[in-house]
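Undergrad: Can you keep this structure in mind? I'll have questions shortly.
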């Protein structure tokens, strides 16, 4: 197991079931010096905050308990080794979310193209398009592109899921006349991804004609299998 | 719960350093100190106005909170508390002093460096994809995914788990208060909570939440007014 994996594993165990005092102290000593591991810690902390649902409190009950165990263990041993990197600031938290958002689940068309004659539904591969709209008051709204309409200035963010083999993903947006409005370069994707975010976003341009559009995601896996998934939306009339 | 200065039995146990008393005092006062450390405060140092901006991450907050109470629970600090003044002010004073001490240590280091003008960022469009979205929108997408996952997880809980979830996770009640409300033993509640937490993190792993995200937390400094 690599050193990074070891620390990731310790952080996971800390949140899942707790660590002993020595292991916990060593882990915290390391994280103080390592912004990457602090990022991992923050990811777990964010999930824990979402689970405990306490946006107004500085710390939820689970975090209070976690710190309490360390404090009382330290008080019981009554010895403190001098920490290196006490209070060393390692970073700022990423920008807070602004504005309210809605999400609607949507059913997507699902097509599978496979070499040979047989078509098999492979639910592991999927694509979903989110519409990001910035309202006049700078409120950012995120909802599902397939159950909402698009207009110039909107952004689309794609989420994809993959099956057991890594491969490449290409995204094309076409209108009802099959005119290509957007095409991405192929992006390497890993196996077993679940709602991973495709880097970047797709801008809805002013020259997109009003009417239905299809967001076509083509997955070509390492073994040559080709799978197509389609999400649909509609461009508003100006 | 009565304040420490009004609960003589707890105060005596606290002064003796009994672990249960320390835990009880921590649970009572940590939330308030955490808020102070999270939101920051202004202070004077060397005749100048300064501001501690607050902890920059949850890790930083937990770490500083730990350090405050390790100091507050030291033999010297426990003996030094007179049991008359409100304890929340006593421990808040310890927190402020720790921050100011830290600032003073760093102040000397800060004058050896200066910030250069930042190099303008270049847009990487090599993948033929539009430039990245504003940070708020990116965070909004991530937040939406997280809420959806938590909602899915909650929907799959059975009745007893749901009860524990509502009282412990949503309302943040202590185990003994949940035991009073439900008639379940404290140990059953703790076990239930532990099981829910473990399943939750496994669920999140399975749904890809802990892979493929940007790991680094970018840097920052204490902000001081009129120092640099």
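Where a number appears in this text, it was derived from the coordinates with a stated rule and is not lab data. Not measured: the values here are computed from a predicted model. All Cβ positions, glycine included, derive from the backbone under ideal geometry; neighbour counts span all protein chains shown.
Undergrad: So what's the gap between the Cα centers of the range A:163-236 and the range B:145-176, to the nearest angstrom?
TA: 36 Å
Undergrad: Could I ask something else about it? For A:13-26, what's the mean count of beta carbons from other chains sitting within 10 Å of each residue's beta carbon?
TA: Average neighbour count from other chains, rounded to a whole number: 2.
Undergrad: When the Cα centres of the range B:37-52 and the range A:1-49 are compared, how far apart do they sit, in Å?
TA: Rounded to whole Å, the Cα centres lie 30 Å apart.
Undergrad: Could you work out, residue by residue across B:202-211, how many beta carbons of other chains sit within 10 Å of that residue's beta carbon, and then give the average as an integer?
TA: Across the residues of B:202-211, the mean count of other-chain Cβ atoms within 10 Å is 5.
Undergrad: While we're on this one: Can you tell me which of B:45-51, A:154-160, A:29-35 comes out highest on packing, and rank the rest after it, using the mean Cβ neighbours within 10 Å?
TA: With the highest mean Cβ count within 10 Å placed first, the list reads A:154-160, A:29-35, B:45-51.
Undergrad: Let me ask something else about it. Shielding by partners for A:33-41, please: the mean number of other protein chain Cβ atoms within 10 Å of each residue's Cβ.
TA: 5
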